[in-house]
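The values are calculated or read from the model by the stated rules, or taken from the named source; none is laboratory data. As the structure is a prediction and not an experimental result, all values here were calculated from the model. Here the Cβ is made from the backbone with ideal geometry for all residues, glycine too, and neighbour counts use every protein chain on show. The protein model used for the area step is the full one, side chains on, heavy atoms only, and it has no ligands, DNA or RNA in it. Shrake-Rupley method; radii C 1.70, N 1.55, O 1.52, S 1.80 Å.
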There are 2 protein chains.
Amino acid sequence: MFFEGSEKKVEVITAAEAGSLRSRGKEFWSGVVAKAQAEILTTLSNDYCDAYLLSESSLFVWEDRFLMLTCGTTTLADAFLYFLEHVADEHILFASFQRKNEYQSHLQKTSFQEDMDRIQSELKGTAFLLGSLDSHHNYIFHLDRPYQPAANDQTSELLMYHIKGEGAQYLRGEGQTIEGIRKLLRLDEILPGFELSDWLFEPFGYSLNAIKGDRYATFHITPQEESSYVSFETNLNLEDTAILEKLLEALRPGSWDLIGFNAPAPLRENGEFSCLTECLLPLKCGYDMSFNHYQHKEQRSVQAVELTG
Amino acid sequence: MFFEGSEKKVEVITAAEAGSLRSRGKEFWSGVVAKAQAEILTTLSNDYCDAYLLSESSLFVWEDRFLMLTCGTTTLADAFLYFLEHVADEHILFASFQRKNEYQSHLQKTSFQEDMDRIQSELKGTAFLLGSLDSHHNYIFHLDRPYQPAANDQTSELLMYHIKGEGAQYLRGEGQTIEGIRKLLRLDEILPGFELSDWLFEPFGYSLNAIKGDRYATFHITPQEESSYVSFETNLNLEDTAILEKLLEALRPGSWDLIGFNAPAPLRENGEFSCLTECLLPLKCGYDMSFNHYQHKEQRSVQAVELTG
């Protein structure tokens, strides 16, 4: 029942000369998604953004930028390279490609190094490892080009591993409903006024896209015991909200990563959990990137798992 | 300069009917070692044991048992399967195959699952994961056959990652000597009276086999920055010795695993380091196995590493 929930992510910002990315239409974006071995399940649109829920995660397209997340053993680098064939290099203002901490990186079709080598042949950039190679870490490649993000251009990624308790049991059990999961995630409190598009997978697993104006949020839940993973990502300003704390309370992860791009300070430690890794990197493309890895004290005592052939 | 120091390990105990394993001679054991893509560098013998230092780690052969460790991208499962061709299944009293926590498991030629599937086709056994898949962990396969270890049959493995400080600098620098490394490891204090055979690799890296009666100890040092790894393994009883503490003091690892088979209790936490994972498993083959993962507080703050294509 192993499934690699952790995602690869690509984000691109284009110049006005590239034309509207939204107006390239669903057919174009379906083609991009197909290159990653995924497909579009739902579409949600407002004045700013088209949010596509995918068979493996999400794609958000604004006029001048897109971001795409794909999990499992999808080949997001292929989708990125396909997009690059359809835009002039000089019209790209910013581009990044990330790989989040994988449970079983040897089961992936390519390594980050291989992805990076292929991307570098099209786009000159720099790549970094944040965190420790033998603990949680994050890989990022970004285009070597100065960029000046707007003041409200920030991203927070909360990546939760080993969810526990009643919420986890509900997500793993039979008979979950979309309403039940929305309630568990307290969406009415954390994303008030957002339009939602979500999907319940069989036998379990859940994805959500949410948009409000030019703000977005997305959830992807892989509840499988031994390799559970829940990601939450948003461009909301999380300062003065208790969103992160509410999600930790609802899902009780044994460990989690918090990644920020020009985003507010990470969670404060308390008696319940510790910060094991902190890594800060001002990227030359204009974003200050932070990577923090946390572990809950409940995660210390681990049962051995019998493996089957 | 990446090198995977962490080892795979096989250990086998045979019945008297299998004959003396030592008397199979160096030619036979060279053949076993070659199957793992390694070769014998030195031989050290006493009344009980032949200790072979390998191009990638170590092989110890007693009359009725052997243990072999190999690092890098060696194929120890092949060596194990080759050995199994040369002994009757019913003459094997105990067999185990371990894989230690790898920095970059996707660079290995096979996964533990693949190794296990091949071994299982020759030897019916059970396999476990101890620790968390997304943190340090240890894989073990063992033969499904009851075995009663002797009272002094215990093994401790101390696996150190991210070594720091003067010791680490010396090991990474130019002009190390065997004498300098022996002094750094305080071998005269921790292994008094042992016969030693050691090897300094180019441009750095160090291996040591040590024997005294039927007791053994072995060190393997991969000092490379970003992926440093030092393993120490012994069948000495470590209760009432300060060996572990002395090694942690000399090498200042950022994190480490302590694995025991019928071995004394793990290190006590203190203000300097925490135990992040503890996992206990009574194996049905007669050994109580413990896996403990520790992190030093110095390991929390990590610098991002730029990757090259």
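Brief remarks follow.
- Relative contact order %, region B:223-309, counting alpha carbon pairs below 8 Å whose residues are six or more apart: 27 percent
- Percent carbon-and-sulfur accessible area, chain A, ignoring ligands, DNA and RNA, probe 1.4 Å: 48 percent
- 10 Å Cβ neighbours from other chains, averaged over peptide A:124-137: 6
- When you filter the GluC sites (Glu not before Pro) in region B:95-151 for DSSP loop state and at most 13 other Cβ atoms inside 10 Å of their Cβ, you are left with B:GLU122.
- Region A:220-309 - charge dipole about Cα centre, Lys and Arg +1 at Cβ, Asp and Glu -1, debye rounded to 20: 120 debye
- Longest exposed-site-free window of chain B, the sites being trypsin sites (Lys or Arg not before Pro) in a DSSP loop that have at most 11 other C-beta atoms within 10 Å: B:125-267
- Chain B - percent relative contact order, Cα under 8 Å, separation 6 or more: 18 percent
- Global geometry of region B:232-299, whether rounded, prolate or oblate, following the gyration tensor of its Cα atoms and the 1.5 cut on a/c: oblate
- The protein assembly as shown, Cα convex hull volume normalised per residue, Å³: 154 Å³
- Other residues whose C-beta falls under 10 angstrom from the C-beta of B:GLY131 contribute a net charge of -3, scoring Lys and Arg +1 and Asp and Glu -1.
- Both radii are taken from the alpha-carbon atoms of region B:8-299; with Rh as the Kirkwood radius, Rg/Rh is 0.93.
- Whole-Å distance, taken between Cα centres, linking region A:163-229 and region B:98-161: 36 Å
- Per-residue average of Cβ from other chains inside 10 Å of B:97-105: 2
- At the listed q of 0.15, 0.17, 0.19, 0.21 Å⁻¹, the Debye profile of region B:236-275, built from one uniform point per Cα, gives log10 I(q)/I(0) equal to -0.37, -0.48, -0.60, -0.74.
- Computed P(r) (all Cα pairs; region A:163-279; 5 Å bins; percent): 2, 10, 22, 23, 21, 13, 7, 1, 0
- Region A:97-181: Cα Rg divided by the 2.2 N^0.38 Å rule of thumb: 1.50
- Sparsely packed loop sites in region A:261-309 (the GluC sites (Glu not before Pro) outside DSSP H, G, I, E and B with at most 14 other Cβ atoms within 10 Å) comprise A:GLU269, A:GLU272.
- Cα gyration tensor, region B:1-73 - rounded (a/c under 1.5), prolate or oblate: prolate
- Among chain A residues, the one whose Cβ is nearest the axis of the rotation from A to B, given with its distance rounded to whole Å, is A:HIS106, 2.
- The relative contact order of region B:103-187, computed from alpha carbon pairs under 8 Å that lie at least 6 residues apart in sequence, is 16 percent.
- In the assembly of identical copies, B:GLU39 has its label point, taken 7 Å from Cα in the direction of the beta carbon, separated from the corresponding points by 5.5 nm (ascending, one decimal).
- Peptide A:108-119 has a mean shielding of 2, counted as Cβ atoms of other protein chains within 10 Å of each residue's Cβ.
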